[in-house]
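Please treat every number below as a calculation from the coordinates, not as lab data. All values derive from a computational prediction rather than experimental measurement. Cβ placement follows ideal geometry from the backbone for every residue including glycine, while neighbour counts extend to all protein chains displayed.
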Amino acid sequence: MKLNLSKLSPKQLLEIDACTRCGECLNTCPVYSQRVEEGINPRGKIQAMKKFIRAQYGLWAKILGPKKLDEGSIKKFSEMVYRCTLCGECGIDCPVSIDSKDLWLGLREVLIEMGHYPEGTDILKKNVLTEYNITGQPNEERAEWLEALDDLPEHKYQKDKAEVVYFVGCVSSYYPMVHKIPQSLVKILDKAKVDFTLLGGSEWCCGFPLIGAGMKKEIEGLIQHNIEKVKETGAHSVVFACPSCYHTWHEAYETDFHLFHATQYLLKMIKEGKIQFKEEKIKVTYHDPCDLGRASGVYQAPRDILRAMPGVEFIEMADNREHCKCCGGGGNLEMVDPELSAALAKEKIKQIQATGADWVVTACQQCIRTIMTTSRRTKIPVKALYITELILRQMK
Amino acid sequence: MGKHLIFYIMFIPSMILFIWGMWFRISLYLQGKIKGVEEISPGKKFIILLRKGWRGFWARPGWYIKVLIIDVIFHKKLFGQSFYRWFTHTLLVFGFIATFIVDMIKGFTTGYLVEWSHTIPALSFVHAFETGSIRPFLDFFLEFFSFLILVGCVLAIIRRFILRPNQLRTEEEDITALTYILFLELSGFFIEGYRIAHPEVVASRIYLANFTPASANNWLSFGGYFLSQFLRGIRINADFLWYFHVLPSLIWFVYIPHSKLLHIFTSSVTVFADRSKQ
């Protein structure tokens, strides 16, 4: 079995050599803090890959011929690479600025080609490419969360033409625990008289779960479809409540649409006076979702929203913004190792509790799910709100 | 055979091997795929990337120079993480760069310009570098910057082998890199000290440095001068000493592309790539 280096870019191959094994990443990796194993931390993954490359392409390999890679080592390596939430904090602190998250995605692509990947990945791929969502349920059921809304207009927010498309995302569409997110956002947009539409059953998965699994090349059809459907509405803007969808559209979709995360769009509306708040005292802290914060650079918008609400006392967590600790919900880790994902969530809950806040507010449905699921299972009380739920509560 | 000739007979192959080693590494990176480009040869990929880098540089050269100084040489990010590590790293990096620059100035002026000044009177000013007012500064700064490398190396050794923070994991290449730097530093000071202690070494032009007239102020080369106090009564074959320092110095270059020290080049690229995204 030969490593196919063309799955990585020249920059990524150079980054593997640039790692000086300083170990700074060990201090930040949330997975390593739970599973203290060299192979699982960023340094360990890079050095393992370096060994494989040297065995097949290094100086001795050139002289004596490439060494055959041991199946057991590759399997172990795969287990380590997929036990990562892709939070990206390692890259923030890396002294030589390795773009580690991008590198992990590249390594996953290498492993997919070698046939070494987690069991659930094939099912995920089938669900996304045949049913166009991560659950495998009929895609026509995407907008069923609307049924719980009172005073649903006749068009059920699915119009032929609109200025703005609200791209809901798979998690908010199919997981009842977070139905309140799209429900609250459509109520806000409706109250503020925004001309928006949903794509309903025409919305397909953005492709991020496949990118995260290492199958980026499979998402081209999804991209083309989604862009086409938005174009058909005549919309110039697309709003996302899901940071992963937002980030994926920014990075992988080539479009002229104005792309907004919900926090950015709602802040704009607050500044324009379209959303006004009553005063109600509440103590909150904010959890920066990895795909919104570190990956997309959106830190200030949600904070400005919280600060715009009179009566809201905002307390930062000890680790915040680019150093905010991952909740454990990303990178398909929940599918690969639910226990490890839960362990990260427990640590997150401790940080939340340490602030003394009544609520943790966040801007990611997956973070809400991860935190609340762990809270219920471990019986550690914590109350989590998506920011649109808080806005709706505090709105006049 | 003159020392100059011997030196170039060793220097040229080591540079060829260094360049070959660097190309070997680069050709490995060129096995990667460039986004948006169909499958092409590594040579063509190299040209594409070189052109991209060249255009990128000339689009904003001031920014690149600023990043080179602040983020690469003076490593601003590391400064924010750990003063000890930053100080150690800066001593090594700055020490090497500064020593190299001063050595090149000294070598070029005293080795070449002085010769040429015999036929080109306009170059007569270079005698200041050889025997005039500039020479003491060259001698002192060469010594000082080399000493910075030594201090940096010692601090790195202390951290890795005595302080031993949990995040560090020592492997063979760490030990090799540090002991190699230490050896080059100590052997360099040693042979300088021996030269100062034994004027006959200078007279017989055994070292390349002896082609420059002896300094009137040996104490400016304070490291070698200190050691010379202990070396007056010791007799070692000076030729052997010269090879003892020069050969490993040249092998050092050959070693770089195959060692941890490759990060000198690779991490500079990753830092530039990261800053250009911001």
Amide N proximity, the stretch A:171-215 versus A:Asp160 label position 7 Å along Cα-to-Cβ, cut-off under 16 Å: A:197-198
Under 10 Å, Cα contacts only: if you run a Gaussian network model on chain A, which one of A:Lys62, A:Lys75, A:Lys229 comes out with the highest mean-square fluctuation? A:Lys62
Simple spin-label estimate for B:Phe11 and B:Arg164 in nanometres, 7 Å along Cα-Cβ: 4.3 nm
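Rounded to two decimals, what ratio of Rg to Rh does the stretch A:5-114 give with C-alpha atoms and a Kirkwood Rh?
Values: Rg = 13.6 Å, Rh = 14.2 Å.
That ratio equals 0.95.
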Output ³J(HN,Hα) for the stretch A:149-166: one whole-Hz value per residue in order, computed from phi by the Karplus curve 6.51 cos²θ - 1.76 cosθ + 1.60 with θ = phi - 60°, and x for Gly and Pro. 7, 7, 6, 6, x, 4, 7, 6, 6, 10, 9, 5, 10, 6, 7, 10, 9, 9
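Inside 10 Å of the C-beta atoms of B:67-78, what's the mean count of C-beta atoms belonging to other chains? Could the numbers behind the result be given before it?
Numbers: counts 0, 0, 0, 0, 1, 1, 0, 0, 2, 0, 7, 4.
Counting Cβ atoms of other protein chains within 10 Å of each residue's Cβ and averaging gives 1.
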Cα-based Rg/(2.2 N^0.38 Å) for chain A, rounded to two decimals, is 1.01
Each residue of the stretch A:304-312 in turn: what ³J(HN,Hα) in whole Hz from Karplus with 6.51, -1.76, 1.60 and θ = phi - 60°, glycine and Pro shown as x? 5, 5, 4, 6, 7, 8, x, x, 8
Which distance in nm do the two modelled labels at B:Met22 and B:Phe74 give, with both placed 7 Å along the Cα-to-Cβ direction? 2.6 nm
Paramagnetic reach from B:Ile157 in the stretch B:179-202 [backbone N under 18 Å; point 7 Å along Cα→Cβ]: B:179-193
Counting Lys and Arg as +1 and Asp and Glu as -1, each charge on the Cβ, what is the dipole of the protein assembly as shown about the Cα centre in debye, to the nearest 20? 820 debye
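Go ahead and estimate [θ] at 222 nm for the protein assembly as shown from helices alone: -39,500 (n - 2.57) per DSSP H run with n ≥ 4, summed, over the residue count, rounded to 500.
Numbers: 32 runs with 374 residues, N = 674.
It lands at -17000 deg cm²/dmol.
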The answer for the per residue Cα convex hull volume of the stretch A:120-269, in Å³, is 103 Å³
Under a crude label model (7 Å from the Cα following the beta-carbon direction), how far is B:Leu247 from B:Glu115 in nanometres? 2.6 nm
To the nearest 10 degrees, how steeply does helix A:220-233 sit against the main Cα axis of chain A, on a 0 to 90 scale? 20 degrees
Report, in whole Å, the centroid distance computed from the Cα atoms of the stretch A:237-270 and the stretch A:309-382. 23 Å
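Translational D (Stokes-Einstein, µm²/s) of the protein assembly as shown at 37 °C and 0.692 mPa s when Rh comes from the Kirkwood sum over C-alpha pairs?
Working: Rh = 28.8 Å.
Translational diffusion coefficient: 114 µm²/s.
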Which far-off residues, 5 or more places away or on another chain, put their amide H under 5 Å from the one on A:Lys283, with H placed in the peptide plane? A:Glu313, A:Asp358, A:Trp359
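Above 31 angstrom, tally the Cα pairs of the stretch B:60-277 and express them as a % of all pairs, no decimals. The partial results should precede the final answer.
Working: 7496 of 23653 pairs.
Percentage above 31 Å: 32.
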GNM, chain A, Cα, under 10 Å: largest mean-square fluctuation among A:Leu266, A:Leu13, A:Leu105? A:Leu13
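Evaluate peptide B:269-276: per residue, the Cβ atoms of other protein chains within 10 Å of its Cβ; return the mean as an integer. Intermediate values should be presented prior to the final figure.
Numbers: counts 8, 12, 6, 1, 7, 6, 1, 0.
Taking all residues of B:269-276 together, the mean is 5.
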Please give the average number of partner chain Cβ atoms lying within 10 Å of the Cβ of each residue in B:23-30, rounded to a whole number. 5
